[in-house]
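Trainee: Sending over a structure as structure tokens; questions will come in a sec.
The values are calculated or read from the model by the stated rules, or taken from the named source; none is laboratory data. Note that the structure is a prediction, hence the values are computed from the model and not measured. Backbone-built Cβ (ideal geometry, glycine too); neighbour counts: all protein chains shown. With ligands, DNA and RNA removed, areas are computed over all heavy atoms of the protein, side chains included. Shrake-Rupley method; radii C 1.70, N 1.55, O 1.52, S 1.80 Å.
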Amino acid sequence: ISLETQGVYDTTDRIYVYDSNNQTVAVYKSNLTNVWTPYVSGDTIYVRLVTDSSVGDYGFYINQILNGTTNTTMNWSSCSKVIGGWDTYNNDNDPLDDNGHGTHVAGIVASTNETYRGVAPEAKLVAIKALSSGGTGYSSDVAAGIDWCNSNANRLNISVISMSLGCDGGGCTHYQTYCNDDLTAEAINTANRKNITVAIAAGNSGWTDGISSPACVQNATPVGGVDGSDGIIYNRGNLLSLLAPATSIYSTYPTSSWTSLSGTSMATPHVAGAVALFRQYWRLAYNQNITVDQ
């Protein structure tokens, strides 16, 4: 697999690998060579090139096929809580959290600890790593991660996506109207059509005149934060209608097991967990699948 990047790594150029049911099993970017696709069941593997109009070569080239002898699928059997995932930043099927932020928000959703229980402690998790170990990255990797969830939604029963990230701080726009030209918008819109709630952090700069991107995408569910006295202390504006606890939130952390963090990043998984509970309740009580708007 070889993809042209021309020095730009925030690129929509991708190779997607699907199984016979058109479910995504791998996503690759950048200049890669001699990459084996993950093993899939069945007798068919689909390989799709996604590119912009400037593509000037063959895109990808398949020069060898081995039948049933290569299996690079991540073994998730050692973790009953995390049932699947992908790393769109590093081009592999092991979305290990090497930053800590993702582990903290995951615990807010689904920790089973008796003292510090998550909002939806029995929920299963699908892990998507779209940022670097330093917590920075590219919108294209985030969009590819959402696409992976959309493709695998039926197989893994994905009903809500929690995204504690965004362009926040100096140089970033304060959005009071929808930012539907955002690079993640198409993937978020697809999730909405699949009835998947996409909860996204509104940002922490304290703006009173807008929220950060991509929380401003029309079909996203932006989440703001409040302190212990219910005071709004983070970004807000015309697009914001949901608030959740966001200060001194104690949750899971990889290096110290537990830690306290603050921000709309912590508020967002509170909402995501609540969405999971609402959906479960309506299915069990009324045999109904409620919509994102509901």
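Trainee: Mind checking which residues of the range 240-263 are under 21 Å from SER159 (Cα atoms) and out of contact with any helix residue (DSSP H, G or I) (no Cβ under 9 Å at 6 or more places or on another chain)? Give the steps one after another, and end with the answer.
Mentor: Start the filter on the range 240-263 by keeping residues that are under 21 Å from SER159 (Cα atoms), which leaves 241-244.
Passing the criteria: only SER241.
Trainee: From the set of residues in the range 118-158 that are free of Cβ contacts under 8 Å to residues at least 60 places away in the same chain and hydroxyl-bearing (Ser, Thr, Tyr), which is nearest to VAL217 (Cα to Cα)?
Mentor: Ranking the candidates gives THR136 first.
Trainee: Here is a further query. Could you run through the range 82-104 and say how many residues are closer than 19 Å to ARG279 by Cβ and open to solvent by less than 50 Å² (accessible area, probe 1.4 Å)?
Mentor: Of all residues in the range 82-104, those closer than 19 Å to ARG279 by Cβ come to 83-84.
So of that shortlist, the ones also open to solvent by less than 50 Å² (accessible area, probe 1.4 Å) come out as 84.
So the count comes out to 1.
Trainee: Additional query: Of the residues THR252, THR221, which is within 16 Å of GLY102 (Cβ to Cβ) and within 19 Å of the chain's Cα centre (by Cα)?
Mentor: Exactly one of THR252, THR221 is within 16 Å of GLY102 (Cβ to Cβ) and within 19 Å of the chain's Cα centre (by Cα), namely THR252.
Trainee: Out of GLY203, GLY237, report the one residue that is in contact with a helix residue (DSSP H, G or I) (Cβ under 8 Å, 6 or more places away or on another chain) and on the phi > 0 side of the Ramachandran plot.
Mentor: GLY203
Trainee: Then there is this: Take ASN150 and tell me if it is at pLDDT 95 or above, at positive phi, not in a strand (DSSP E or B) and not aliphatic (A, V, I, L, M). Before you say what the answer is, go through the steps one by one.
Mentor: Working: at pLDDT 95 or above: yes; at positive phi: no; not in a strand (DSSP E or B): yes; not aliphatic (A, V, I, L, M): yes.
So ASN150 fails the test.
Trainee: Can you tell me which residue is farthest from the chain's Cα centre (by Cα) among those in the range 159-188 that are buried (at least 20 other Cβ atoms within 10 Å of the Cβ), farther than 24 Å from ILE232 by Cα and without any contact (Cβ under 8 Å) to a residue 60 or more places away in the chain? Before you say what the answer is, go through the steps one by one.
Mentor: The initial filter retains those residues of the range 159-188 that are buried (at least 20 other Cβ atoms within 10 Å of the Cβ), namely 159-166, 168, 175, 179, 182, 184-185, 187-188.
Remaining after also requiring farther than 24 Å from ILE232 by Cα: 159-160, 182, 184-185, 187-188.
Cutting the leftovers down to without any contact (Cβ under 8 Å) to a residue 60 or more places away in the chain gives us 182, 184-185, 187-188.
Numbers: ASP182: 15, THR184: 11, ALA185: 13, ALA187: 10, ILE188: 10 Å.
Taking the candidates together, the pick is ASP182.
Trainee: Among the listed residues ASP182, ASP168, which satisfies the condition of being within 25 Å of GLY225 (Cβ to Cβ) and touching a Pro at 6+ places or on another chain (Cβ under 7 Å)?
Mentor: ASP182
Trainee: Give the range 128-139 a look and list any residue that's open to solvent by less than 30 Å² (accessible area, probe 1.4 Å) and within 12 Å of the chain's Cα centre (by Cα), or say none.
Mentor: The initial filter retains those residues of the range 128-139 that are open to solvent by less than 30 Å² (accessible area, probe 1.4 Å), namely 129-130, 132.
Selection gives LYS129, ALA130.
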